[in-house]
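A quick write-up on the structure given underneath.
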Amino acid sequence: MSVETDIKKVLRNIKKSSPGQTEFYQAVHEVLYSLIPLLEEDTKYKIQNILERITVPERTIIFRVNWTDDKGQIQTNLGYRVQFNSAIGPYKGGLRFHPSVNLGIIKFLGFEQIFKNSLTGLQIGGAKGGSNFDPKGKSDNEIMRFCQALMSELYKHIGETKDVPAGDIGVGAREIGYLFGQYKKLTGKFEGVLTGKAINWGGSNTRKEATGYGSVYFADFILNKYNKDLQGKICAVSGAGNVAIYTIEKLYEFGAIPVTCSDSQGTIYHKKGIDISTLKTIKEINHQSLEVYAQVHNDCQYIPLSHYPEGCHQVWSTPCDIAFPSATQNELNLEDAKLLVANGCMLVNEGANMPSTPEAIEYLVEHNVLFGPGKAANAGGVATSQLEMSQNASMSRWSFEEVDIKLRQIMRNIFETAYETSKEFGCEGDLISGANIAGFKKVADSMIDQGSV
Ligand code: GLU
């Protein structure tokens, strides 16, 4: 049987065993096809049945979360933790609270996390979790009661050397605090069981900034390879969460001009550059809509979601040199890719997890747009989480600068590993294949070392 026939068989099985999990299928499809050069070179992966083994989570936990809202009404949500792979370290990956969360979404994120974490060069396995709970419009007390209810089940399955969750969409320092408090109450242990904690009680400097900063470092390394840099480049950024905010902040340090950001309600286009302090106040302190940004700055454009042409995302119709999709999965489709190419975009750097559809990627690559895949470009967040785990384990604290230097070095290593691997396997500069092959190889080889567990 050829490698391609093997891949088709695995994908067929997934369609059968996981019907309707479209995002999971999409993520597996992308990874498996990019592994062909490695699988053809070394038959041990086939002999050891690695493709089938690595696409099934080691453990999937789904549970009911009952919590009481401010009116005294009992509400019910679903909680998830998919512990996908522990070949190279304890399970590691964020928790996402968003109404779109379902098993397929958590499995796609957990699957991506295996390779992303491996690529960081650190000892962390892959996992993801979350809930279909919608934090939007909820009071602080409701958020607290929900986090406590979720942890009342989750605590049985996690631990500092077992599984270490963190934040993702809808889960920031506030939620991590409530989750940690409940874990400590239930177990009586003050341990590094979660990352993204506040600095006063075990958090790491630079963790909050790390995904966005890391994404910009990665973009800079790509550009440098082709004798270009970020200076003066017009950048379109999507999202207004942690990743987008600190991408925008770091872009200014490199002399670039970030002109957009977006949330679930609409897009801001600010030609002279996004005002980072207004953005932080609105999103980090007041948890408001971006509409408020337009009230503060009357020289910007606010385009509400309802005004978008069908199937298009406003951010990507903005003329830009570089695009940083930093919001969510499949937010950049073929139509968007066409607009970016027509407007002369030279690089798409993925700050979010799987933000570009397969058709968009194909079009961008065909049109010679450089591409920084999410597994590599956004790995700075989880890498800094591991630095937080290290500090917790050794009861030490590193300064902002120390962590930032380590983060930059990790992003450099990730870039070089992905680039060199692409060269080794005959597709120089294809960072998607380079990242997938390098991330896969370390995990698969470790699985083989550890036997048929
Ligand atoms: N949610 C982030 C990611 O997608 C961070 C995970 C972590 O720090 O464990 O990589």
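The values are calculated or read from the model by the stated rules, or taken from the named source; none is laboratory data. All of these numbers come straight from a predicted model, not from anything done at the bench. Neighbour counts are summed over all protein chains in view; Cβ atoms, including those assigned to glycine, are modelled from backbone coordinates with ideal geometry.
Structural remarks
Per-residue answers, yes or no, for (1) crowded, with 19+ Cβ neighbours inside 10 Å; (2) outside any loop (DSSP other than H, G, I, E, B):
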{"site": "LEU230", "(1), (2)": "yes, no"}
{"site": "ALA240", "(1), (2)": "yes, no"}
{"site": "ILE245", "(1), (2)": "yes, yes"}
{"site": "GLY255", "(1), (2)": "no, no"}
{"site": "GLY273", "(1), (2)": "no, no"}
{"site": "LYS280", "(1), (2)": "no, yes"}
{"site": "LYS283", "(1), (2)": "yes, yes"}
{"site": "TRP316", "(1), (2)": "yes, yes"}
{"site": "PRO319", "(1), (2)": "no, no"}
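- Selection count where residues are within 20 Å of GLY381 (Cβ to Cβ) and either part of a strand (DSSP E or B) or within 14 Å of the ligand (Cβ to nearest atom) (or both), scope segment 131-179: 17
- Candidate set: segment 257-267, residues that are of a type in the set (S, T, N, Q) and assigned to a loop (DSSP other than H, G, I, E, B); chosen: the one farthest from LYS208 (Cα to Cα): GLN265
- Annotation note: Cβ proximity below 8 Å between a residue of segment 99-125 that is surrounded by fewer than 19 Cβ atoms within 10 Å (Cβ to Cβ) and a residue that is among the acidic types (Asp, Glu) and not in a helix (DSSP H, G or I) (sequence gap 6+ or interchain) occurs for PRO99/ASP134.
- Number of the condition not met by ASN200 [criteria: (1) assigned to a helix (DSSP H, G or I); (2) closer than 30 Å to THR161 by Cα; (3) more than 17 Å from the chain's Cα centre (by Cα); (4) touching a residue at least 24 places away in the same chain (Cβ under 8 Å)]: (4)
- Near pairs, Cβ below 7 angstrom, 6+ apart or cross-chain, from segment 324-338 (farther than 21 Å from LYS233 by Cβ and among the β-branched types (Val, Ile, Thr)) to any residue that is buried (at least 22 other Cβ atoms within 10 Å of the Cβ) and at pLDDT 95 or above: THR328/ILE169; THR328/ALA352; THR328/PRO355
- If you go through segment 384-417 and pick out every residue that is within 16 Å of the ligand (Cβ to nearest atom) and within 21 Å of ILE437 (Cα to Cα), you end up with 3.
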